[in-house]
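Chemist: Take this structure first; my questions come after.
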Amino acid sequence: MILTFALAGASVYFYARKIVAPAHALSRYGPFILPVIYAVIAWLVIMPAQMANPEIHFPIISTLMAAFAPFVLYFMAATIFGIPLFFPLFILAAYAFFGAAFALGAWKSGRPATRGWKSTLGVLVIVLAVAAIPGFQTYTRYQNLLVTDPRYPEQDHDRQEFRMRQQYTPFQLEARNRLPLLRQTPTLQFDQNYPALDGATAFFPIYAAAAQAIYLPGEDQEVRADKVHCSTTPYAYERLIAGETDMIFVLAPSEAHQKLAAEQGLTLTLTPIAKEAFVFLVHDQNPVRDLSLEQVRAIYSGQINHWRAVGGANEKILPFQREKNSGSQTILQREVMRETPLRPPLKKEVMYGMSGLIQAIAQYRNAPNALGYSFRFYATKMNPAPNIRLLAINSIAPTPENIRNGRYPLTVDVYMVTARPRSQNTQQLHDWFLSEQGQQLIEDVGYVPLTPAPEQEK
Amino acid sequence: MTQKKYWGLTLLLTCVVLPVLLNGGPLLLNYLTAQTSYWHTGRGAMTQTDFLLGIF
């Protein structure tokens, strides 16, 4: 692209050297200013249409693409990088470059414009002043938006989800999944009436490993496989409340889920089965290794915005958040923020349908100035990303030992949750998770069990 | 040269020739380099999808 710009600039330069252009500057540079005026008018017409609402449901992308059809390739590149609404700036820059190339050519050939500079300058000032209006609107729109940076891509959640499901889906021993086997003969087994299980992605390995060990193949293999779902925290709670599943493995419910259960006349029964650490993640180049809870709270409430305020580099903090009602977002609000309101989350612009633009919460990108949160097992074992470091909180690292003894301040309980009277099999499974064998399996999967496993007691 | 002719010619340059050059340049260059590398690796003709992906 740089090469073609140089080539195009050279063409304009030689054209200016060959042609006898009008001496009046406005007549001479009019053909260069006209496309800019067109771009600014198009920008001005399109931008206010979606200022009130960040969700643009009308086909803005195809409208812009049609308006700037001659530069379709560059517009597509701007869309891929997540900044399509800034595209008119490219037109401005391109024609400023060509105008300069023309001026250089005319000057070299000894035929510079002799008059009309004031009026040309006046027109340019007006055009730029008008361009400032949609420019400011676009800038405001992108304030909380992250643009695509190829060095720090957003984690590919679909691919991770696929990989995770491959590795932790039960009943696929031939495929050698990562679920551990029981050390001794199972003390509980079912070959029918399997309890239906669901839960958070971060705890899928716990109940998947148990189901693999306990659910014997019955008459219909598909029935058994269909009893183990992983529909993530918000949907697992909704499915439990709707009666579509018997028991879920999650963190304590959000207020919204408690309210939903109460509306149905249900009481959620929570039984802790393991301990897990809610962890904060940074890039391993980030010199910060420890934050206090107060500092985390100040960052996520918007009081602290630079890493230097917490002993880091002189860079702005990119504090990523998660979707509302997700397990980790609920913990952030309940355990970290408490009564302090959260700052608006970082968002990204995504295509809506074929051509609209909507804003979605940006997932963690491991940039050197990023801050995110997750759970220890998920971030280090299930979905380990390169160059990530877990921060110590109040100088205590989220090690299994510190989780076990409860010293790590953001240690949370993993719960089995039921919403209705348990069937006999569900009750047996519930009790099995609390048994020595159940707790041993939880530890073998990689989590911290409630009670020390027999080996640790020695 | 009359002012009218100058405007006609220059607008043709700024609104048609330059955009065609700017879009066509990367397309042609990508096509040539990608096609050449295809020939060198003996993979035969390039598919349309490979070509389009290669632009970016």
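Chemist: What FRET efficiency comes out for the pair A:E315/A:V20, r = Cβ-Cβ distance, R0 = 51 Å, nearest 0.05? Mind showing how you got there, number by number?
Modeler: Numbers: r = 54 Å, r/R0 = 1.06.
FRET efficiency, A:E315 to A:V20: 0.40.
Chemist: Now for a different question. Roughly how big is the protein assembly as shown's charge dipole about its Cα centre, with Cβ charges of +1 (Lys, Arg) and -1 (Asp, Glu), in debye to the nearest 20?
Modeler: Details: 43 positive and 36 negative charges, 648 e Å.
The calculation lands at about 3120 debye.
Chemist: For the range A:314-438, what is the largest minus smallest coordinate of the Cα atoms on each principal axis, given in angstrom and ordered from greatest to least?
Modeler: Result for the range A:314-438: principal-axis Cα extents of 52, 43, 33 Å.
Chemist: For a distance above 39 Å, tell me the whole-number percent of Cα pairs in the protein assembly as shown that qualify.
Modeler: Working: 60065 of 131841 pairs.
Cα-Cα pairs of the protein assembly as shown separated by over 39 Å account for 46 percent.
Chemist: Can you find, among A:L391, A:A252, A:L182, the residue farthest towards the positive end of the dipole of the protein assembly as shown? Put +1 on the C-beta of Lys and Arg, -1 on that of Asp and Glu.
Modeler: A:L391
Chemist: In addition: Based on a Kirkwood Rh over C-alpha pairs, give the Stokes-Einstein translational diffusion coefficient of the range A:316-385 at 20 °C and viscosity 1.002 mPa s in µm²/s.
Modeler: 156
Chemist: Here is a follow-up. log10 I(q)/I(0), Debye, Cα-only the range A:226-313, no solvent, q = 0.14 Å⁻¹?
Modeler: The Cα Debye sum returns log10 ratios of -0.71.
Chemist: Find how much the distance from A:K381 to A:D149 grows on full extension, using 0.36 nm per residue of separation minus their present alpha carbon separation; answer in nm with one decimal. Can you show the working numbers first?
Modeler: On the way: separation 232, 0.36 × 232 = 83.52 nm, distance 2.61 nm.
So the chain would gain 80.9 nm between A:K381 and A:D149.
Chemist: Over all directions, average the projected area of the Cα convex hull of the range A:106-204 and note it in nm².
Modeler: Numbers: hull surface 63.6 nm².
Taking a quarter of the hull surface, the average projection is 15.9 nm².
Chemist: When you have a sec, figure out the Kirkwood radius of the range A:169-261 from all distinct Cα pair distances and drop it here in Å to one decimal?
Modeler: On the way: mean 1/r = 0.0718 Å⁻¹.
Hydrodynamic radius (Kirkwood, Cα only) of the range A:169-261 equals 13.9 Å.
Chemist: If you project the alpha carbons of the range A:153-458 onto their three principal axes, what span does each projection cover, largest first, in Å?
Modeler: Result for the range A:153-458: principal-axis Cα extents of 62, 56, 40 Å.
Chemist: What are the membrane-span-like helices in chain A by this rule: whole DSSP H runs, Cα extent along the axis at least 20 Å, mean Kyte-Doolittle hydropathy at least 0.5? All intermediate terms of the calculation are to be shown ahead of the outcome.
Modeler: On the way: long enough: A:2-18 (24 Å, 0.95); A:25-46 (30 Å, 1.72); A:87-108 (32 Å, 1.55); A:117-141 (36 Å, 1.04).
Once both thresholds are applied, what remains is A:2-18, A:25-46, A:87-108, A:117-141.
Chemist: Related question: Multiply the residue separation of A:T185 and A:L7 by 0.36 nm, subtract the distance between their alpha-carbon atoms, and state the gained length in nm to one decimal.
Modeler: 56.5 nm
Chemist: Would you calculate, for chain A, the mean residue ellipticity at 222 nm contributed by helices, counting each DSSP H stretch of 4 or more residues as -39,500 (n - 2.57) and dividing by all residues, to the nearest 500?
Modeler: After summing the helix terms and dividing by the residues of chain A, the value is -13000 deg cm²/dmol.
Chemist: I need the calculated FRET efficiency for the pair A:Q303 and A:D413, taking r as the beta carbon distance and R₀ as 35 Å, to the nearest 0.05.
Modeler: Numbers: r = 29 Å, r/R0 = 0.84.
Step by step, r from the Cβ atoms, then E = 0.75.
Chemist: Based only on other Cβ atoms within 10 Å, what is the fewest-to-most ordering of A:C230, B:C15? List each step's numbers first, then the result.
Modeler: On the way: A:C230 23, B:C15 15.
By the 10 Å Cβ count, ascending: B:C15, A:C230.
Chemist: Nearest 20 debye, what's the magnitude of the dipole of the range A:299-424 about its Cα centre given +1 on Lys and Arg Cβ and -1 on Asp and Glu Cβ? If you can, show how the numbers build up before the last one.
Modeler: Details: 17 positive and 7 negative charges, 31 e Å.
Its charge dipole is roughly 140 debye.
Chemist: Run through the DSSP bridge list for chain A and note the antiparallel percent, rounded to the nearest 5.
Modeler: On the way: 29 of 41 bridges.
Of all bridge pairs located within chain A, approximately 70 percent are antiparallel.
Chemist: Between A:L293 and A:L434, what FRET efficiency comes out of the Förster formula 1/(1 + (r/R0)^6) with R0 = 51 Å and r the beta carbon distance, rounded to 0.05?
Modeler: Values: r = 31 Å, r/R0 = 0.60.
It comes out at approximately 0.95.
Chemist: Per 5 Å bin, what is the whole-percent P(r) computed from every C-alpha pair distance within the range A:2-143?
Modeler: Pairs per bin, as whole percents: 2, 9, 17, 19, 17, 13, 10, 7, 4, 1, 0.
Chemist: Only Lys, Arg, Asp and Glu count, each charged at its Cβ (+1, +1, -1, -1), so figure out the dipole size of the range A:153-458 about its Cα centre, rounded to 20 debye.
Modeler: On the way: 31 positive and 33 negative charges, 207 e Å.
So the dipole magnitude of the range A:153-458 works out to roughly 1000 debye.
Chemist: In the range B:1-29, which residues have a backbone nitrogen under 20 Å from the label point lying 7 Å from A:S119's Cα in the Cα-to-Cβ direction?
Modeler: Backbone N within reach: B:1-11.
Chemist: Working out 0.36 nm times the residue gap between A:N405 and A:L216, then minus their Cα-Cα distance, what length gain in nm do you get to one decimal? Could you put the intermediate results ahead of the total?
Modeler: Values: separation 189, 0.36 × 189 = 68.04 nm, distance 3.56 nm.
That pair, A:N405 and A:L216, stretches by 64.5 nm at full extension.
Chemist: Return one quarter of the surface area of the convex hull spanned by the alpha-carbon atoms of the range A:208-357, equal to its mean projected area, in nm².
Modeler: Details: hull surface 56.0 nm².
The Cα convex hull of the range A:208-357, projected and averaged over all directions, gives 14.0 nm².
Chemist: Oh, and also: Work out the charge dipole of the range A:82-179 with +1 on the Cβ of Lys and Arg and -1 on the Cβ of Asp and Glu about the Cα centre, then indicate which of A:S109, A:P150, A:S119 is farthest towards its positive end.
Modeler: After comparing all options, I get A:S109.
Chemist: In the range A:289-343, which trypsin sites (Lys or Arg not before Pro) fall in coil by DSSP and have 10 or fewer other Cβ atoms within 10 Å?
Modeler: Sparse-neighbourhood loop trypsin sites (Lys or Arg not before Pro): A:R338.
Chemist: What residue among A:G312, A:Y74, A:P287 has its Cα farthest toward the positive end of the dipole of the protein assembly as shown, where the charges are +1 on Lys, Arg and -1 on Asp, Glu, each on the Cβ?
Modeler: A:Y74
Values quoted throughout were computed directly from the atomic coordinates according to the rules given, and no laboratory measurement underlies them. Predicted model only: the values in this text are computed from it and were never measured. No Cβ is skipped: glycine too gets one built from the backbone with ideal geometry, and neighbour counts run over all protein chains shown.
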